Amino acid sequence: MPKNISWRKLVQNFQKLNFEGPYSGGKHLFMKKDSLKLHIPSKHKGDASVGLVNEILRQAGINKKEWDKL
């Protein structure tokens with residue numbers, strides 16, 4: 001089960017899953033993998049909450065068990 005996570009750890013985990021970035025793009029940062037563009041929270045907002053992590057994982061099509069292994 002995902003839990004609150006620091007911005008740095010969030011980015012590192014997505015990089016382990018072969019996402020590129022983060023890139024700036026208007027109001028939000030994003031990471032890319034092939035044609036998938038995934039918006040991530042600002043690093044200045046503190047830790048990402050459980051609900052936000054779950055939503056990002058859902059949008060990316062990442063299984064929670066796979067995420068927990070990182």
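Table for the structure above
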{"quantity": "Charge dipole (debye, nearest 20) of the chain; +1 at Cβ of Lys and Arg, -1 at Cβ of Asp and Glu", "calculated": "100"}
{"quantity": "Over region 7-68, relative contact order from alpha-carbon pairs under 8 Å, at least 6 apart, %", "calculated": "24"}
{"quantity": "Pairwise label distance in nanometres, residue 37 with residue 23, each label 7 Å out on the Cα-Cβ vector", "calculated": "0.8"}
{"quantity": "Inter-probe distance in nm under a simple model that places probes 7 Å from Cα toward Cβ, at residue 65 and residue 6", "calculated": "3.0"}
{"quantity": "Selection from 14, 42, 54 lying farthest towards where the dipole of region 7-68 points positive, charges on Cβ", "calculated": "42"}
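Bear in mind that the values in this text are calculations on the coordinates, not laboratory data. Remember, it's a predicted structure, so these values are computed and weren't measured experimentally. Because the Cβ atoms are built from the backbone with ideal geometry, glycine has one as well, and the counts that use them run over all protein chains shown.
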